[in-house]
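Asks: This is the structure I have questions about; it appears just below.
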Ligand code: G3I
């Protein structure tokens, strides 16, 4: 009888606990979720922190499947003098990334910033500068042929009104004219026919004069047979953030041209001094998380968006306070490498957004 009572008690306990215990919440890494969805989830690597910080190493290798050298492939670093290429840092990053199983995105190949003085101060004829550009792109893309799978070929070439910038601060636009864009893509394609080639810009995520101009230019490229694969929305985002419905519409019109769209430099900055010992209030952190969630959902749900690159990993190492004084706290992990609400927002987007292209 006592055995029977014990059995009943045990069964009851088991049933009750089965009935009342909540299932363990899933705890997959961002990388595993992204890989399942065939999404490139990347992070920018910058020289000062990389690869010496072990916490950064763990976070990167656990949560990302793609990396981008933040500056080390820029002209100033790899081609400091006319006859000098220096791939020391770029090679080290690429080899490290390969060793750790990451895919690699590179660039920008042509940008009017981060150029060495021999380019910006040169007294160029149009054909000379085209030859220099051709040599540079062939050398850099050629060196990593088959190893760097996506390139931002031309970066920040458009004015807010949507026309190509040909003013004095762009040696490319000023000397060559808007055709420098087509030429850069042609040279990159010659150097690696299998790499995906992107036009990249900021402030053109939603629908506005700039994104209209870029869309029409990209349409022209397609019609001219220029080898372009996609448009990179940088997605450096303040709060309030770009309207996700507009971002989706913008993405869809590139899709109709059979072009991809990527978020190439995502972060969501908060107006709160980076030097403050007190983090931003939950109001800001939750709003930031909402921005990450809504914007990530748009990419994950779109049939032509398969790449999201975060422009930094933790608030400890960030470009934001340098270029936007008074702002910071823009990334998924805080200064102690603790995941922020923004991290969970991206994770939930990867977990719960309906499959890409469905519905
Ligand atoms: O590495 C040198 C160091 O040796 C030197 O002592 C120090 C002195 O200033 O400079 C260090 O280089 C800095 C470099 O970042 C490395 O971290 C440069 O000064 C600094 O200008 C450079 O800033 C980068 C900026 O692009 C210009 O290239 C930022 O980190 C990088 O986040 C930013 O990224 C851009 C994208 O390429 C294009 N879209 C906008 C985005 C943010 O501005």
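Readers should treat all values here as calculations from the given coordinates under stated rules, not as data from a laboratory. Because the structure is a prediction, the values reported are computed rather than measured. Note that each Cβ is placed from the backbone with ideal geometry, even for glycine, and that neighbours are counted across all protein chains shown.
Asks: Measure off 7 Å from each Cα along the Cα-to-Cβ vector at residue 275 and residue 222, then give the distance between these two points in nanometres to one decimal.
Replies: 4.9
Asks: Antiparallel versus total DSSP beta bridges in the chain: what percent is that, nearest 5?
Replies: Of all bridge pairs located within the chain, approximately 15 percent are antiparallel.
Asks: Taking the chain as a Gaussian network, Cα atoms linked when under 10 Å apart, which of 246, 190, 223 shows the biggest mean-square fluctuation?
Replies: Of the options given, 223 has the highest mean-square fluctuation.
Asks: Under the definition of Cα pairs under 8 Å and six or more residues apart, what whole-number percent is the relative contact order of the chain? Don't skip to the end; give the middle numbers.
Replies: Values: 623 pairs, mean separation 54.2, N = 359.
Reported as a whole number, the value is 15 percent.
Asks: Can I ask one more? So if each residue of separation counts as 0.36 nm, and I subtract the Cα-Cα distance between residue 174 and residue 85, what length gain in nm does that give?
Replies: 29.6 nm
Asks: Out of 51, 69, 227, any idea which swings most in a Gaussian network model of the chain, alpha carbons joined below 10 Å?
Replies: Result: 51 has the largest fluctuation of those listed.
Asks: Now for a different question. Using a Förster radius of 41 Å, what is the FRET efficiency between residue 131 and residue 337 based on their Cβ-Cβ separation? Nearest 0.05, please.
Replies: 0.30
Asks: Which value in nm describes the separation of the simple spin-label points at residue 92 and residue 27, placed 7 Å from the Cα toward the beta carbon?
Replies: 3.5
Asks: Looking at the chain as a GNM with Cα springs under 10 Å, which of 197, 39, 55 has the largest mean-square fluctuation?
Replies: Maximum among the listed residues: 55.
Asks: Residue 163 versus residue 76, label points 7 Å from Cα toward the beta carbon: distance in nm?
Replies: 2.8
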